[in-house]
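> Quick one: the structure is below, and I'll ask about it shortly.
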Amino acid sequence: MRVYVPLTLSGLAAAHRAGEIGPGPLTAYAVTPGLREWYVSDDIEELEYAALSRAAAASLRLIAVDPEAVRRRVVVAVDVPEGAAVADPDRALDASSLGEVRLASPVPLTAAASVHVDADDVGKDVGAAAAALGAADLGDDDAQFTVDGAEDHELLWFGIQEIPNLIG
């Protein structure tokens with residue numbers, strides 16, 4: 001099963017040093033029944049992109065609470081055994097937790113399929129979005145517009161072998 005783990009660049013560096021993403025439990029995002037119902041698509045690529053986007057939004061939240069974090073969203077796509085990622089059935093249709101799953105244990109970095117990271121030049125937009133998250137959560141339309149501006153940037157795809165260059 002493919003899951004998407006939100007991180008920061010410093011979190012990616014720590015995972016690279018440790019050889020695993022962890023410690024558990026980890027919050028990740030995947031194609032869950034709730035995400036399928038919300039997205040209303042049978043196209044697995046579209047559904048996986050939706051899960052990746054949810055993880056990117058979670059990465060933005062990690063950045064928002066860490067003033068030292070580099071203002072670039074990071075998501076690691078990993079393959080875990082079926083049953084390793086568990087969705088909370090009580091929150092399955094809660095808009096804030098669509099696609100959210102829990103991994104009880106750390107995930108070896110060797111299970112990673114790819115890394116998705118913002119381009120260098122979007123740091124200003126990501127930083128502004130991180131700063132606006134609180135107000136956006138409280139319903140401020142201008143703040144939500146700022147958050148949406150960061151979400152408009154596509155994450156770039158990198159192979160696992162490129163992690164040292166990303167954290168360099």
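> Which one of these is β-branched (Val, Ile, Thr) and touching a Phe, Trp or Tyr at 6+ places or on another chain (Cβ under 6 Å): Val101, Val86, Val115?
The unique qualifying residue is Val115.
> Still on this structure, I have one more. Of the numbered conditions (1) at pLDDT 95 or above; (2) surrounded by fewer than 20 Cβ atoms within 10 Å (Cβ to Cβ); (3) not polar (S, T, N, Q), Ala129 satisfies every one except a single condition; which is it?
Failed condition: (2).
> Moving to a separate point now. Among the residues of the stretch 98-116, are any more than 20 Å from Ala14 (Cβ to Cβ) and part of a helix (DSSP H, G or I)?
Looking through the stretch 98-116, none of the residues is more than 20 Å from Ala14 (Cβ to Cβ) and part of a helix (DSSP H, G or I).
> From the list Leu60, Leu52, pick out the single residue that is under 21 Å from His153 (Cβ atoms) and touching a Phe, Trp or Tyr at 6+ places or on another chain (Cβ under 6 Å).
Answer to the check: Leu52.
> So, in the stretch 46-99, of the ones that are buried (at least 21 other Cβ atoms within 10 Å of the Cβ) and β-branched (Val, Ile, Thr), which residue ends up nearest to Val126 (Cα to Cα)?
Result: Ile63.
> Taking the stretch 19-54 as the region of interest, how many residues are of a type outside the set (Phe, Trp, Tyr) and touching a residue at least 60 places away in the same chain (Cβ under 8 Å)?
The qualifying residues number 17.
> Ok, one more. Are there any pairs, at least 6 apart or on different chains, whose C-beta atoms fall under 8 Å, with the first in the stretch 133-154 and at negative phi and in contact (Cβ under 8 Å) with a residue 60 or more places away in the chain and the second in a loop (DSSP other than H, G, I, E, B) and surrounded by 11 or more Cβ atoms within 10 Å (Cβ to Cβ), and if so, which?
Once the first residue is at negative phi and in contact (Cβ under 8 Å) with a residue 60 or more places away in the chain and sits in the stretch 133-154, its partners that are in a loop (DSSP other than H, G, I, E, B) and surrounded by 11 or more Cβ atoms within 10 Å (Cβ to Cβ) give Ala150/Arg73.
The values are calculated or read from the model by the stated rules, or taken from the named source; none is laboratory data. Remember, predicted model here, so these are calculated numbers, not experimental data. Backbone-built Cβ (ideal geometry, glycine too); neighbour counts: all protein chains shown.
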